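Notes for the one structure printed next.
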């Protein structure tokens, strides 16, 4: 009977023991992506692919969907917002957006912009990423 | 005069001599040494079957008692139904199972919560949501 009680106690305390090991919470980044003044309506029309690289406390990379990369507000030169989540609870994250003309290659780069933001554990940090200058793009 | 007579009668009736005589009359016993001398001596006319004096009968009785004791010892102990037919077994087993399921459920919930829990839903109007948990 005593053994049964001790086992029941162990089982009931196991979750607490697991919980005491440490807690992770998501931290969020709201990135507003913008284009520099170089990007006129013609230059915006040349953008084919938007690839984001994440470095720092977390490493990641992803490509924005075709529709997300092709519905850019030409007047405001605003690509739009994305949200990034991480379980890292300290340090900085650098978001680097690379725009490509036809294919994702070094030769077809249209522009690069970056922003570095500090992690505020469990909270949302907002930042603006601007791709300042238009590059040559794919060779003709 | 009547009152005096009644008082005398009452005193006589309540005196110890009178009471003892009365008790003797009621039980029929004889008091004093005279009664003991008059007590008759009885002798048993037949052997008492509960207390036999014959050695054969005594031995036979002892043997019977021994045999009865042996038979009592040899008699198998009633174990009752098997454990799985007892309601206590199923009550304990059910309790343990329910407790185990609860512990597993709680542990998974806590582990999920420790690992960050559910990621927030993607806000409306955003071009996309990326990162861990997505």
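Some observations on this one:
- Cβ crowding within 10 Å averaged over residues, with B:83-94, A:75-86, B:120-131 ranked highest first: A:75-86, B:120-131, B:83-94
- Placing pseudo-labels 7 Å out from each Cα toward the beta carbon at residue A:112 and residue A:73 gives an inter-label distance of 2.8 nm.
- At 1.002 mPa s and 20 °C, Stokes diffusion of region A:18-78 via Kirkwood alpha-carbon radius, µm² per second: 149 µm²/s
- Ranked by the mean number of other Cβ atoms within 10 Å of their residues, highest first, the peptides A:126-138, A:44-56, B:102-114 come out as A:44-56, A:126-138, B:102-114.
- For the peptide A:28-36, the mean number of other protein chain Cβ atoms found within 10 angstrom of a residue's Cβ is 2.
- The mean number of Cβ atoms from other chains found within 10 Å of a Cβ in peptide A:113-123 is 0, as a whole number.
- Full-stretch length increase - residue B:75, residue B:61 - with 0.36 nm per residue and alpha-carbon distance subtracted: 2.9 nm
- Rounded, prolate or oblate (a/c below 1.5 giving rounded, otherwise prolate when a/b exceeds b/c) for region B:70-116 by Cα gyration tensor: prolate
Since every read-out is calculated from the coordinates, none of them should be taken as a lab result. On a predicted model such as this, the values are computed, not experimentally measured, just so you know. Positions of Cβ are backbone-derived with ideal geometry, glycine not excepted, and every protein chain shown enters the neighbour counts.
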